[in-house]
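Q: For reference, the structure I am asking about is given below.
The values are calculated or read from the model by the stated rules, or taken from the named source; none is laboratory data. Everything quoted here is computed from the prediction, not taken from an experiment. Cβ coordinates were reconstructed from backbone atoms using ideal geometry, including for glycine residues, and neighbour counts include every protein chain displayed. Surface areas here come from the heavy atoms of the whole protein model, side chains and all, with no ligands, DNA or RNA. Shrake-Rupley method; radii C 1.70, N 1.55, O 1.52, S 1.80 Å.
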Amino acid sequence: MTGYLLRRALHAVLILIGVSLVTFMLMHLTGDPVTLFVPLDASPEDVAIMRTAMGFDRPLHTQYLDFLGGLVRGDFGDSLRHRQPALELVVERLPATLQLTFLALGFAVLAAIPLGVVAASKRGSGFSLLTYLMGLLGQSMPVFWLGLVLILFFSVNLRLLPASGRGSLAHLLMPALTIGTYSMAMLMRLMRATMMEILSQDFIRTARAKGLSERVVVFKHAMRNALIPVVTVMGLQLGTLLGGAVITETVFSWPGLGRLLIQGFNNRDMAVVQAAVFVMALMIVGANLITDLAYGVLDPRVRYG
Amino acid sequence: MKRRSRTRGIRRIFSLMVVSTIIVIFVAGCGQPPTMSPSAPAEEGPEGEIIIAQGVDATTLDPNMHAETPTNNVNIQIYDSLLMRDSDGELFPGLAESYENLDDNTWEFKLREDVYFHNGEAFDAEAVKFTLDRILDPENSSPQYSHISAIDEVRVVDAHTVHIVTSKPFPTLPSQLVARQIVPPKYTSENGADHLASNPVGTGPYRFVEWVRDEKITLTANEDYWRGMPSIKDVVFRVVPETSTRMAELQTGAVDIIVNVPPHQAESLESSDATYVSRAPSSRVIFVGMVTTQPGPLEDVRVRQALNYGIDVDAIVDNVLMGNGIPLASQPVAEIHHGFDENLAPYPHDPERARELLEEAGYGDGLRLSMDSPSGRYLMDRETSQAVAGQLEAIGVDLDLNIQEWGVYVDKIMSRQLTDLFLLGWGNATFDADATLYPFFRSGQQFCYFESEEMDEKLDAVRETMDMDLRAERFNEIMGVLSEEAPWIFLHQQMDVYGVSDRVEWTARPDELIHAFDARIRADN
């Protein structure tokens, strides 16, 4: 187990270095932080002075190695625009994004699993058809559109919820619903399909033949097995949710990591983008590890070595 | 009509101000409240709260280290500058009581006495020197550096007199000083610039209270403000990036002023009882630049004129911008800029004439050009480019339209990879034509794709002309040449559209700024 964890940690380091390199290259390939920073009418001489002062006149590989050097010390450098350490900016916004992401994931899982289980056990019923439609709709509605429709309905028409911002629980509801709907729909469909497959297997027939109650058959024998693929996808969904956060945070003015990342990219604010992408990558790598470890709990046959 | 007389007024003020070495005294007598301030101070104590929603958060509350309007909107509440602009764009004395030119390269500023920063530190000549010096030090990499890099030295003469020495005549220095807000030297040196950036201390009408990043900034009235007590007690800037959400926040009464209302949604705010729309012609003009410096059809003035005749700017303004624009009068600046030639009219839409000119130039069988355009940078920019492409097709010009993200586009512009045509907007907040003409029509400048020795001489001469009347005359002559040579497809001057709650009284300004000091909460609320 320890050896397994060590190997995974080494993989994580390699992944994070890879992510930082790709981010670095993409940022440099698509725009020049200096020209976006100075006024458009700055003279070429003034631009050159700024470029030197900001350190962007150095060769690319030197800039990248310096960045890696800083990284080892936990220093991503200062944001060009905010004039603050980039990591500080990211850490400041992390709670807002985590709050939103976990509430959305919680909503997705808590709604998806029971709905999927019931839909599978009542195959062919009206309820099953309804969940099928919900799944289809939930996965095909664009996050952006859903957010705006919710605002129009609950804020502008009904005046029930605040349209945007952060503060109370009321502020959280619409963004969490918006961001979690896709994952909910996808997990529910998966749960339903897996359950259906499992419910038609031999061991379930055996369990029923033993005279176990339907509840024990469904929830104890079938659901536990059906959860394995769902847990895998849940881990992957964290990435989707973080991606969705970028859009949802914009629609609902939620002061999180996603918006910082978008603005950082628009300004080619290298340090901010690096720090934000790094932290997001770290969360996804961590989620994947937890997912892999969760297999062991759900399926005693899984061994780490 | 009203606007025209205002423009003349602006010009008169300009000529009064900068003319050679005559002392211009703005406020006679000392100690009494400045009579030219556009807002009368509140009679009673400040009351109530207004919430202003912008699309992005301030990036820093250090006013010398950014060049962004949304950030400036917060900073102008906290800080003051030596000179300020009223809602018509006219200059009035800020922290400087008066100024004069000692010679073409030396300016003397007399500073207001008895002004204090929010922390009690006195405002004096040292503060002015400290502020300008930190912008001028390349080590600080201030994006405002290039705006005042013509300043050689800032000299403290006495506690309330400053000399600014420039390396060459710099007639637009007063305009440039409007956007250089003064920071407290002692506080800044003791605590560091990083501290100032999130704990701002100025001399302005509002004191800083709290900043929750990407969420809101809260300010409260500075009751000792030297221009008088603000009328509104608390000012909150909220960040609402998505336009539709901003609209919803205004419609539900959660915010009082919103920026950048999309043209097609303005009507719904106008027809509501709870909101109204305030518009101002902005200092930004939108145009299609032409690369005339490479061999090709655009070298020929007839082709360039044909493209102008081929475009129906009125139709673009009416249908794409829903009326929120003013066609350019076949010159690169708008009426609010010093140097605008009021005798010039927009190119008429005349596709017949356009086809004739193309035929004469040898392109009767049609012409293929490429055009670059940003997306999401200016009001309806992509839609405008598409309309231009559609209209040019009607006169036999096929456009390869290349629409791209702003960061990519800027890179292309700065590395001079533009070919044929490019859509661009140019905001000129100095209100003087030089800041538009020089970068675009002086050979060797970053944006210059129209080179002529005659033009270079004219632009160099006017750049160092300190007499404002003579300056206007010289600008007018240049406008005449440009109108004829048509180095741009002249499109329109952008209109800024704001949504305002009915409980608040506020008027949009041409410089995109929102001064809470000038806003009022209506009595019946």
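Q: In the set B:VAL157, B:VAL209, which member is under 30 Å from B:SER87 (Cβ atoms), of a type in the set (Val, Ile, Thr), open to solvent by 30 Å² or more (accessible area, probe 1.4 Å) and out of contact with any Pro (no Cβ under 9 Å at 6 or more places or on another chain)? Before you say what the answer is, go through the steps one by one.
A: Working: B:VAL157 fails: under 30 Å from B:SER87 (Cβ atoms).
Sole residue among the options that is under 30 Å from B:SER87 (Cβ atoms), of a type in the set (Val, Ile, Thr), open to solvent by 30 Å² or more (accessible area, probe 1.4 Å) and out of contact with any Pro (no Cβ under 9 Å at 6 or more places or on another chain): B:VAL209.
Q: A follow-up question, please. Of the residues in the stretch B:203-219, how many are in contact with a Lys or Arg (Cβ under 9 Å, 6 or more places away or on another chain), assigned to a strand (DSSP E or B) and closer than 23 Å to B:LYS186 by Cβ?
A: Counting residues in the stretch B:203-219 that are in contact with a Lys or Arg (Cβ under 9 Å, 6 or more places away or on another chain), assigned to a strand (DSSP E or B) and closer than 23 Å to B:LYS186 by Cβ gives 1.
Q: Moving on. Just to verify a result, which residue in the stretch A:90-136, among those that are closer than 29 Å to B:THR59 by Cβ and among the polar types (S, T, N, Q), is most open to solvent (accessible area, probe 1.4 Å)?
A: A:GLN99
Q: Restricting attention to the stretch B:228-260, and to residues there that are surrounded by fewer than 22 Cβ atoms within 10 Å (Cβ to Cβ), of a type outside the set (S, T, N, Q) and more than 14 Å from every other protein chain (Cβ to nearest Cβ), which single residue is farthest from B:VAL504 (Cα to Cα)?
A: B:GLY228
Q: Hey, another quick one. List the number of the failed condition for A:THR178; all other conditions in (1) away from chain B (no Cβ under 14 Å); (2) hydroxyl-bearing (Ser, Thr, Tyr); (3) open to solvent by less than 30 Å² (accessible area, probe 1.4 Å) hold.
A: (1)
Q: So is A:PRO85 touching a strand residue (DSSP E or B) at 6+ places or on another chain (Cβ under 8 Å) and either within 14 Å of chain B (Cβ to nearest Cβ) or surrounded by fewer than 20 Cβ atoms within 10 Å (Cβ to Cβ) (or both) or not?
A: On the way: touching a strand residue (DSSP E or B) at 6+ places or on another chain (Cβ under 8 Å): yes; either within 14 Å of chain B (Cβ to nearest Cβ) or surrounded by fewer than 20 Cβ atoms within 10 Å (Cβ to Cβ) (or both): yes.
Judged against the criteria, A:PRO85 is a match.
Q: What number of residues within the stretch B:189-206 are within 11 Å of chain A (Cβ to nearest Cβ) and open to solvent by less than 60 Å² (accessible area, probe 1.4 Å)? Lay out the reasoning, then the answer.
A: Let us first name the residues in the stretch B:189-206 that are within 11 Å of chain A (Cβ to nearest Cβ), namely B:192-198.
From what's left, open to solvent by less than 60 Å² (accessible area, probe 1.4 Å): B:192-193, B:196-198.
Qualifying residue count for the region: 5.
Q: Taking A:ARG93, is it within 13 Å of chain B (Cβ to nearest Cβ) and assigned to a loop (DSSP other than H, G, I, E, B)?
A: no
Q: Hey, among the residues in the stretch A:240-295 that are under 17 Å from the mean Cα position of the chain (by Cα) and among the hydroxyl-bearing types (Ser, Thr, Tyr), which one's nearest to the other protein chains (Cβ to nearest Cβ)?
A: Ranking the qualifying residues of the stretch A:240-295, first place goes to A:THR250.
Q: So, one more: If you take the residues of the stretch A:141-169 that are surrounded by fewer than 20 Cβ atoms within 10 Å (Cβ to Cβ) and of a type in the set (S, T, N, Q), which of them is nearest to the other protein chains (Cβ to nearest Cβ)?
A: Ranking the candidates gives A:ASN157 first.
Q: Kindly provide the set of residues from the stretch B:54-78 that are more than 9 Å from chain A (Cβ to nearest Cβ), in a loop (DSSP other than H, G, I, E, B) and open to solvent by 10 Å² or more (accessible area, probe 1.4 Å), ordered by number. Lay out the reasoning, then the answer.
A: Going residue by residue through the stretch B:54-78, those that are more than 9 Å from chain A (Cβ to nearest Cβ) are B:54-55, B:58, B:61, B:63-64, B:69-70, B:72-78.
The next check asks that each one be in a loop (DSSP other than H, G, I, E, B); those that pass are B:55, B:58, B:61, B:63-64.
Hit for the stretch B:54-78 is B:GLY55, nothing else.
Q: Right, next: Mind checking which helices (runs of 4 or more DSSP H) fall wholly inside the stretch B:405-505 and carry at least 3 residues that are surrounded by fewer than 22 Cβ atoms within 10 Å (Cβ to Cβ) and over 18 Å from the mean Cα position of the chain (by Cα)? Break it down into steps so the answer makes sense when it comes.
A: Numbers: elements: B:406-414, B:434-441, B:453-463, B:468-485.
In the stretch B:405-505, B:406-414, B:453-463, B:468-485 are the helices (runs of 4 or more DSSP H) which contain 3 or more residues that are surrounded by fewer than 22 Cβ atoms within 10 Å (Cβ to Cβ) and over 18 Å from the mean Cα position of the chain (by Cα).
Q: Could you tell me how many of the residues in the stretch B:284-302 are open to solvent by 10 Å² or more (accessible area, probe 1.4 Å) and not in a helix (DSSP H, G or I)? It would help to see each step written out before you state the result.
A: So in the stretch B:284-302, the residues open to solvent by 10 Å² or more (accessible area, probe 1.4 Å) come out as B:284, B:292-297, B:299-302.
Applying the additional criterion that residues be not in a helix (DSSP H, G or I) yields B:284, B:292-296, B:300.
Counting residues in the stretch B:284-302 that are open to solvent by 10 Å² or more (accessible area, probe 1.4 Å) and not in a helix (DSSP H, G or I) gives 7.
Q: Just to check your reading of the model, which residue among A:LEU14, A:LEU40, A:LEU21, A:LEU29 is loosely packed, with under 13 Cβ neighbours inside 10 Å, over 28 Å from A:SER253 (Cβ atoms) and either touching a Pro at 6+ places or on another chain (Cβ under 9 Å) or more than 10 Å from every other protein chain (Cβ to nearest Cβ) (or both)?
A: Values: A:LEU40 fails: loosely packed, with under 13 Cβ neighbours inside 10 Å; A:LEU21 fails: loosely packed, with under 13 Cβ neighbours inside 10 Å; A:LEU29 fails: either touching a Pro at 6+ places or on another chain (Cβ under 9 Å) or more than 10 Å from every other protein chain (Cβ to nearest Cβ) (or both).
The match here is A:LEU14.
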